[in-house]
Structures are given as C-alpha cells and as structure tokens.
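Below: the structure, in structure tokens.
The values are calculated or read from the model by the stated rules, or taken from the named source; none is laboratory data. Bear in mind the structure is a predicted one, so any value in this text is a computation, not a measurement. So basically every Cβ, Gly included, is an ideal-geometry build from the backbone, and we count neighbours across all protein chains shown. For accessibility, only protein heavy atoms count, side chains too; no ligands or nucleic acids. Shrake-Rupley method; radii C 1.70, N 1.55, O 1.52, S 1.80 Å.
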Amino acid sequence: MNQPSLFDNEPDTPTYETFALGGSEIHYVANAFTRQEADRLFQNLLNHIPWQAASLSIAGNQHSLPRLQCWMSDEGRTYSYSGLTLTPQPWYPDVLSIKARLMQLCDHSFNSVLLNLYRDGSDSVSWHADDEIELGTNPIVAAVSLGAERILEFKPKLNFKDPKKRIVLGNGSILIMGKNLQNNWLHQLPKLSGHIGPRISLTFREHLFGEAEK
C-alpha cells in the first residue's frame, strides 16, 4: 500500500504566461490559488455573497442579464455600465483575502471588484470593454476565476484583421488585462452547451471616483 506523500498538501506552483495583443498584453497566472483554496473560496462566495439579478432595457424591452452579480468597493464608489448603476456592498473577508493574493502577484492597486456568478453554460457576458469613465483612460483589470473552466475571447475594436484570441480560465487562476487592452480590444464569455458547472469571476479594478463626484 502506498504511503501518502509528505507534499500532497503543498501549494500548487503558479505558472505565468504572457500574450501580446497588438500593443497590449495579457498576463495569465495558473494556480495562483491551490485547488483546495480555490474550492473553499468558491463555496464560501457562492453561499455568502448577496448575489443580485439585474436587467437591461433594450429597445423598450427588459432583458435579464444571463448571470448574477455583486459590486464591492471602498465607500462611495458606485459603478455604472449599460444603464445600470451598482451600489457597493461591504467588503467580504474572503474577497479581501483574494485581493491581497492578487496584489502580491500584480504590481497594481485595486479598490473595487465586480463579482459575476455564471450558474451554468447558458450564463454569459457579451462583447464589451471595461472602459467606463469611472475607470480612467487606461484601466488595468484583473480577473480571478473560481469554479468551472470557461473560455474568454478577445477581438480588436477596430483592426478586424488582427486574429481573435481565446484563453481558457482555470479554477484558481488570475488574468491581468494590461494597459491599452480595454482601449483597443473587446472581450466576451460565450455561452457553452453541455453540462457546465458554475463559475465565479472577480474582476478587480481601480475605480477613480463615485457617483457623487461626477
């Protein structure tokens, strides 16, 4: 009978990849959290975050967002996109611990996060850029993935000759979207068929001002 290894519970080793996208860069860190850490964080966030359903008005009709979400930030920093205005929830302790790990690996500060819960493969987010005025002129956005693997796709805003890029976001990974990316590229999380488990995405950003300061 094999004896368990003394290193079975040692942390997974993070691995780093950089992808160049026409003057922009994406940095992907696999195993930023161990499998045990990622599974525990996923379950805690799934059970304790005040997830909210929202809808958008398109051509006079209400359309439910195909995901649940929650906005957390330092005090007073509301966030608006696509006609929605999100009021910040207090920082949840596990989200703060995730932010601390992120800031160990990324030389950048963040004061807010949009959490999205994709319940299955039919939940998605369409083509967009995180380029709202609250985020400044050249924002850096870092996405932490927990749960099921999903594909994130990128395409250029203007130069359609540039090829699309697809990245598989693994459990416990971090994707850092660097300077110029939001200005020049769109990204989406497409729908997937078949049995796809739930995934939580935490997209951290530096929010420059709140609703009262506009």
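At least 3 residues being of a type outside the set (Lys, Arg) and either in contact with an Asp or Glu (Cβ under 7 Å, 6 or more places away or on another chain) or touching a residue at least 24 places away in the same chain (Cβ under 8 Å) (or both) is the threshold, and among the strands (runs of 3 or more DSSP E) wholly inside the stretch 32-95 those reaching it are 68-73, 79-81, 84-86.
Within the stretch 190-214, if we keep just the residues that are under 26 Å from Met103 (Cβ atoms), hydrophobic (A, V, I, L, M, F, W, C) and touching an Asp or Glu at 6+ places or on another chain (Cβ under 8 Å), the residue that is modelled with the highest pLDDT turns out to be Leu208. Looking at the stretch 143-206, the strands (runs of 3 or more DSSP E) lying wholly inside it that each contain 2 or more residues that are within 30 Å of Glu75 (Cβ to Cβ) sit at 173-177, 185-189, 199-205. Of all residues in the stretch 141-160, those being within 15 Å of Asn184 (Cβ to Cβ), more than 12 Å from the chain's Cα centre (by Cα) and among the aliphatic types (A, V, I, L, M) number 1. If you go through the stretch 186-206 and keep only what is of a type in the set (A, V, I, L, M, F, W, C) and open to solvent by 10 Å² or more (accessible area, probe 1.4 Å), you end up with Leu186, Leu192, Ile196.
Residues that are part of a loop (DSSP other than H, G, I, E, B), open to solvent by 20 Å² or more (accessible area, probe 1.4 Å) and not basic (Lys, Arg) within the stretch 117-135 comprise Asp120, Ser122, Asp131, Glu132, listed in sequence order.
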